[in-house]
Amino acid sequence: MASAPPSSAAATRNSTTITTVITSTEREKRPRRVREAKPNYREESDTEGGTLEISDTVNKKKRPIKRREEGLLVGDIEDLDFRKDETLEIRASLLNWYDLNQRDLPWRRISANCDGDGDIRAYAVWVSEVMLQQTRVQTVIGYFNRWMEKWPTLNHLAQATLEGAKMIVEEGGGFPNSVCALRKVRGIGHYTAGAIASIVFKEAVPVVDGNVVRVIARLKAISANPKDVVTVKNFWKLAGQLVDPCRPGDFNQALMELGATLCTPSSPSCSSCPLSAQCHALSVSRQDSSVTVTDYPTKVVKAKQRCDFCAVSIVEILDGGDLVERPQSESKFLLVKRPDEGLLAGLWEFPSVPLDGEEDLATRRGAIDFLLKKSFNLDTKKSYNLVLREDVGEYVHVFTHIRLKMYIELLVLHLKGGKNNLHKEQDKESMVWKYVNNKSLANMGLTSGVRKAYNMVQKYKQSMFNPITAKQERNHCKER
């Protein structure tokens, strides 16, 4: 059960872009940097025949032009820097605005009220930042509050078997307090490490998300592809130049807050922006009516969403009794761990196999049977008695670039030789797996897709054991 989971060098734009002109007659001379007004075109890529493909970002047209024999205009984004006076002005203006306008958010309240406990503050920031990377602030507030009620500390989360939390707790030295140390924790990347280190531990390091990219792209009128690896690296460099050494956490939050509330993608409130005096994109738009602030950063065509399919088997193993009579606490569910790299790295899920497309029931079951036999020694003829096998339904889980359709089944087993009949050793090539009961499963930090599959099975079992209630529910749905 799966998640997924930035390209060409972009070009220059308008009078604020620094360019270097290199001609064949001046190759031995020192290159001269000039600021020159240029049409609102974006250089896309070299094409065969010595031409360049040029995009007119205003009229949405492309036209090939001949490469000039005497030289080539080169976008010099890597040499862009914030001047010292510019940096000081931005810091002062932005922090003053933030002090007056920052939103009242639950993780900020925790951070403000726990000055003496860095671990609690770091934990709250960690949870909030992971959630904020996936959805909007208003949506996160409810999720965050429920999460903190259920797992109020890192130790509570570690007991729920989340690998990153367990790793921190087992180290015994408290929450890592630097970017370098935080990056060693499974599940904490560059962005989250910077957020925790700057907000909680006052390390003067940058944080770059979509909001920060947008603000900096407009401050410097950068038209380069924001997804390009080199461009991303330079956004981190520029953000690092701006970070206030005395208030790094507040500054990083202020920069993100500005992008989220005023410097928005399609409707920026430039008249209310504290950085309007330093904004090159705004300055260019006032001089050239064909340019708007929203031209920055360059709009990148989204990759077409890929459609994937998989069969998911929720394997429930009974210790005694039958499916109806025995308490649910006596059964265990089989979970497998995803690889440490790639989609949903290191997270736990139910056994699943990828499919080539919308396969029929027999094909799906055959694929699941092969997986269970190969990875767990579960063979219907030798190792278990089949109690129940039902197709529960389908669920589509949407990631950024993937639309995953999951076919979900419930497979209830009695092991003939007990749990010892399963593979005892887990070598590097085999899946890492474990058993959990209902209580443990309910307290685990599962992905929404895994949780949805589990809830579908629980609802199916309720309808199977309470057919009258299920019928009433169907009739109620029809009446609505």
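The values are calculated or read from the model by the stated rules, or taken from the named source; none is laboratory data. The structure displayed is predicted, hence computed values, not measured ones. Every residue, glycine among them, receives a Cβ derived from its backbone with ideal geometry; neighbour counts consider all protein chains shown. For the accessible areas, the whole protein counts, side chains as well, though only heavy atoms, and no ligand, DNA or RNA atoms are used. Shrake-Rupley method; radii C 1.70, N 1.55, O 1.52, S 1.80 Å.
Just a few scattered comments:
- Evaluating K439 against the criteria (1) modelled with pLDDT under 55; (2) exposed (fewer than 11 other Cβ atoms within 10 Å of the Cβ) leaves one unmet condition, (1).
- Considered as a group, the residues in segment 87-110 that are surrounded by 14 or more Cβ atoms within 10 Å (Cβ to Cβ) and over 25 Å from Q241 (Cα atoms) include one that is modelled with the lowest pLDDT, and that residue is I110.
- Qualifying residue in segment 173-180 (condition: at pLDDT 90 or above, assigned to a loop (DSSP other than H, G, I, E, B) and either under 22 Å from the mean Cα position of the chain (by Cα) or hydroxyl-bearing (S, T, Y) (or both)): yes
- Lone unmet requirement of (1) modelled with pLDDT under 85; (2) in contact with a Ser or Thr (Cβ under 6 Å, 6 or more places away or on another chain) for P327: (2)
Here is a yes/no grid of residues against (1) open to solvent by less than 40 Å² (accessible area, probe 1.4 Å); (2) at pLDDT 95 or above; (3) assigned to a loop (DSSP other than H, G, I, E, B):
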position	(1), (2), (3)
A239	yes, yes, no
D244	yes, yes, yes
D250	no, yes, no
L258	yes, yes, no
C263	yes, yes, yes
S271	no, yes, no
T294	yes, yes, no
K299	no, no, yes
A303	no, no, yes
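- Scan segment 360-401 for residues that are of a type in the set (D, E) and either closer than 21 Å to L343 by Cβ or part of a loop (DSSP other than H, G, I, E, B) (or both) and the total you get is 3.
- Exactly one residue among A254, A217 is within 17 Å of P297 (Cα to Cα), open to solvent by less than 10 Å² (accessible area, probe 1.4 Å) and part of a helix (DSSP H, G or I), and that residue is A217.
- Scanning segment 193-206 turns up no residue that is at pLDDT below 90, buried (at least 16 other Cβ atoms within 10 Å of the Cβ), of a type in the set (G, A, S) and under 25 Å from L262 (Cβ atoms).
- Pair list, Cβ < 8 Å and 6+ apart or interchain, from segment 165-186 residues that are of a type in the set (V, I, T) to residues that are part of a loop (DSSP other than H, G, I, E, B) and surrounded by 20 or more Cβ atoms within 10 Å (Cβ to Cβ): I168/F175; I168/P176; I168/V185; V179/E203; V179/V205; V185/P176
- Selection within segment 273-292 - in a helix (DSSP H, G or I) and either touching a strand residue (DSSP E or B) at 6+ places or on another chain (Cβ under 6 Å) or hydrophobic (A, V, I, L, M, F, W, C) (or both): A277, A281, L282, V284
- Subset of segment 161-204 that is aliphatic (A, V, I, L, M) and touching a Ser or Thr at 6+ places or on another chain (Cβ under 8 Å) - its residue that is nearest to Q253 (Cα to Cα): I199
- Looking only at residues in segment 330-351 that are more than 26 Å from F465 (Cα to Cα) and either hydroxyl-bearing (S, T, Y) or modelled with pLDDT of 85 or more (or both), the one that is farthest from the chain's Cα centre (by Cα) is V336.
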